[in-house]
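Every read-out reported here was derived from the displayed coordinates using simple, explicitly stated rules and does not represent laboratory data. The model shown is predicted, which means the values in this text are computed figures rather than measured ones. Here the Cβ positions follow ideal geometry from the backbone for every residue, glycine too, while neighbour counts run over all protein chains shown.
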Number of protein chains: 2
Amino acid sequence: MAELITAVEAADIRFPTSLDLDGSDAMNPEPDYSGTYVTVRTGAGAVGHGLAFTVGRGNEVTVAAVRALAELVTGLPVEEVLADLGAFSRRLTGDSQLRWLGPEKGVIHMAAAAIVNAVWDLYGRREGKPVWRLLAEMEPERLVSLVDFRYLRDALTPGEALEILRRAEPGRAERTERLLAEGFPAYTTTPGWLGYSDEKLVRLAKEAVADGFTLIKLKVGADPEEDVRRLRLAREAVGPDIRIAVDANQAWGVEQAVEWMRRLAPYEPYWIEEPTSPDDILGHAAVREAVAPVKVATGEHIHNQVMFKQFLQAGALDVLQLDASRTAGVTENVAVLLLAAKFGVPVCPHAGGLGLCEMVQHLAMFDYVAVSGSAEGQVVEYIDHLHEHFTDPVRVRGGRYLAPSAPGLSAELRADSAAAHRHPDGAVWRRKDAR
Amino acid sequence: MAELITAVEAADIRFPTSLDLDGSDAMNPEPDYSGTYVTVRTGAGAVGHGLAFTVGRGNEVTVAAVRALAELVTGLPVEEVLADLGAFSRRLTGDSQLRWLGPEKGVIHMAAAAIVNAVWDLYGRREGKPVWRLLAEMEPERLVSLVDFRYLRDALTPGEALEILRRAEPGRAERTERLLAEGFPAYTTTPGWLGYSDEKLVRLAKEAVADGFTLIKLKVGADPEEDVRRLRLAREAVGPDIRIAVDANQAWGVEQAVEWMRRLAPYEPYWIEEPTSPDDILGHAAVREAVAPVKVATGEHIHNQVMFKQFLQAGALDVLQLDASRTAGVTENVAVLLLAAKFGVPVCPHAGGLGLCEMVQHLAMFDYVAVSGSAEGQVVEYIDHLHEHFTDPVRVRGGRYLAPSAPGLSAELRADSAAAHRHPDGAVWRRKDAR
């Protein structure tokens, strides 16, 4: 008898990070890093874990969305699902009633991401491979079959996607070896949160350079005088050869972004991230034209492949920051990577939060080995908190992510951490409420 | 003591419309028209009703999102809320944790819409005016204060918005009289659902013309041969002088849309609605260029004012179809109407569903009286089902909406209808499950 998917469980996991102002930026002054944590189970006892990242309140809404989608998944034969993961994604995003809630955006799409990621984790475990390697060893034709081309063909055809993948095929083995030996470049946002004191900013910036990072990132956008001062301090701390990116987290309008960046320009920011609304393709294009040679980076809130397509078509970004759970997980991100390769734009995934580093490292490494075939200009965000709660935490050494070797997507929370941080009834939240 | 908002209640209301194939289209083969039905109450016993429309499964997710947002609303002094409804909207869409779930899109934005609409209903009742008149009698400065310009200034400044409203001010009284005397133009989608037989299509098309409609709409996009045949039948039934719009409900890619419309061209469709992904601004612009003089219409899935701004900037639509609850309700729709007026694009609101006709008529009439100042090319969708469940149902006579006179937004469900259709425990759903 066929092995069926018997359960899609969703847990509301939250970390009270707002107490420390870790993660504070212009739009998110007090996030509680959270995850809609999905566990997929089969009748034979196989398991997969995935998550969608949120920042606290409202995580229960994404949990409710996973439960709504779960009805489309339980009872499916697992081998059929794994054999055609493109069809599985279309099943989740194409349900004729549930798609009204997006379509392919916001809560319902993040819920789909959590499920899709859990199924890829299960697939990796089944094959005994980390997901980056599972993907990097797939035949080009199979990878192309993951992509939903319905709305992409005017920018990327199946034939072009296949060509991109075939071009990268001969170098796969060599790049895999290099990746295993050297890891993949990381950058760090650890020094740059808005809530930190000058002293802490300078100290952490210097530590980052000492640790081997060549790019650090500062949050900006709350106050221009402050930003000039903080960027100057950071520049003095790290010297002229270290890249400093700045991140406005959507704080500005188009003209305001241009004006603000003019003031920061003397300190040579490398990129400006999310200068304005993440929906504003034309606005980003205008900002990009005005602030060059400073690069424009965005993506953590770009909600699906149709939006990424247009950002690329419009020349609206220099740096594409895909996210593990804003778009619908690993499967849609294969399409995003192919689009980026088609347009020759480097991919620097968004990470931090909860489990994002763990998940996106797989996508960046797959891209390097089998899609873009290059690490040129590509660098994965790294923030050094909450990793201890995962069973297969990221390892960053000398400013580089070491390739994960454990089977799966590295998104499994330790059972004790998951239990303690379950909202509202886990021990951490019961204690917090009791204060 | 100040009168406080004491409750924001959300009910999951669903109508089993899929049993009759009312509302079937290329992407929504079997919708159950539903609403996340919000009731706002104050300590003094005042009440307002609003809703966000969905198509069945997943309505509970929007309900959960309303409950998450409700915490931001209960306890506020109602006079403060009504005095600055722009700030109230920003409070709902700008919460630093909840906005991660959008931002300003999908489930969380639809939930905000339902609450905002309920508060406008309450406001109208309090002032003893239908909302169209409440808005149409507001001072231009006050209307401008409703708009969140953060991401709009590159297309519309507060000064330009004020100028648009002032230009329309002298004609307000005359247009109000004409509106009260003649109503506002409607068009009907009743004949055109995909699930209907040819005989029913022809009969309903002829009835629509006899009823005074000068524009009818057909669903297309499932099968090209079928569409050619159905459009030919409809054209033969109504003659050359009646406009026939067609609606693909996002079924096509960009090139496919152009090709399909080439086949339908001989039967002179008036507009093609939602030819492709509602996120694809550049795609719509390409389709528009290729299919002219057929117009491109879209908007029911355009998720916020930043997207509308770009559709207008890119010349991606000829007909702007705002929606009562996809964007964040009445308040954000004031911004959308101002954008449309700035770019000189006619507004033809999306309706049908559950309560959409009831709500959008207010927006179209406000626009006519006080924003665009014109009904030229403007027409409100009308579908003749489910109105009997509302306490102040729309009245359409001779192909025109009669101006509502009851105070509020016309979004209140009859208590018996709401009780019977509550999912899953209302009488209608208990009976359905028992079949």
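Considering the rotation that superimposes chain B on chain A, the residue of B whose beta-carbon lies nearest the axis, and that distance in Å, is B:Gly106, 1.
Counting Cβ atoms of other protein chains within 10 Å of each Cβ in A:306-314 and taking the mean gives 4. Computed over chain B with a Gaussian network model linking Cα atoms closer than 10 Å, the most mobile of B:Val147, B:Val296, B:Val209 is B:Val209. Sorted from shortest to longest, the distances between the A:Asp384 label points of this copy and the other copies are 7.2 nm, with each point 7 Å from Cα along the line through the beta carbon.
Against the 2.2 N^0.38 Å scaling, with N counting residues, where does the range A:148-219 land? I'd like the Cα-based Rg ratio to two decimal places.
Expressed relative to 2.2 N^0.38 Å, the Cα Rg reads 1.79.
Measuring nothing but how far apart in sequence close Cα pairs (under 8 Å, 6+ apart) lie, relative to its length, chain A scores a relative contact order of 20 percent. Normalised by the number of residues in the range B:3-61, the mean separation of alpha-carbon contacts (under 8 Å, six or more apart) gives a relative contact order of 37 percent.
Comparing B:Gln97, B:Gln250, B:Gln378 in a Gaussian network model of chain B (Cα springs below 10 Å), the most mobile by mean-square fluctuation is B:Gln97. In chain A, the convex hull through the Cα atoms has an average projected area of 19.8 nm², a quarter of its surface area. Spatial offset of the range A:111-125 relative to the range B:58-115 amounts to 31 Å, using the alpha carbon center of each. Mean partner shielding of peptide B:51-59, defined as the number of other chain Cβ atoms within 10 Å of each residue Cβ, is 5.
Short-range pairs are left out: with C-alpha atoms under 8 Å and at least six residues apart, the relative contact order of the range A:168-416 is 21 percent. Principal axis extents of the Cα atoms in the protein assembly as shown, from largest to smallest and rounded to whole angstrom, are 78, 64, 51.
Can you give me the C-alpha center-to-center distance between the range A:227-290 and the range B:329-387, rounded to a whole angstrom? Taking the Cα centre of each part, the range A:227-290 and the range B:329-387 sit 39 Å apart. With a threshold of 22 Å on the Cα-Cα distance, the over-threshold entries among A:Lys217/A:Lys309; A:Lys219/B:Lys309; A:Lys309/B:Lys295; B:Lys217/B:Lys295; A:Lys206/A:Lys295 are A:Lys217/A:Lys309; A:Lys219/B:Lys309; A:Lys309/B:Lys295; A:Lys206/A:Lys295. Taking packing as the residue-averaged number of other Cβ atoms within 10 angstrom, the listed peptides B:307-316, A:391-400 run from highest to lowest as B:307-316, A:391-400.
Antiparallel beta bridges, as assigned by DSSP with both residues in the protein assembly as shown, represent about 55 percent of the total such bridges. Net charge in the neighbourhood of B:Val202 (other residues with Cβ under 14 Å of its Cβ; Lys, Arg +1, Asp, Glu -1) is +3. Counts of other chain beta carbons within 10 angstrom of each beta carbon in peptide A:63-69 average 5.
Please figure out what share of the DSSP beta bridges in the range A:168-416 is antiparallel and state it in percent, rounded to the nearest 5. Restricted to the range A:168-416, the bridges split so that about 20 percent are antiparallel. For the range B:181-261, divide the Cα radius of gyration by the Kirkwood radius and give the resulting Rg/Rh value with two decimals. Ratio of gyration radius to Kirkwood radius: 1.00. Taking B:Ala52, B:Ala406, B:Ala234 in turn, the Gaussian network model of chain B (Cα-Cα springs below 10 Å) assigns the largest fluctuation to B:Ala406. Looking at chain A, the DSSP beta bridges with both ends there are about 55 percent antiparallel. Its DSSP H runs of at least 4 residues, each contributing -39,500 (n - 2.57), put the calculated 222 nm mean residue ellipticity of the protein assembly as shown at -12500 deg cm²/dmol, to the nearest 500.
P(r) for the range B:168-416, from all Cα pairs and a bin width of 10 Å, is 8, 32, 37, 21, 3, 0 %, short bins first.
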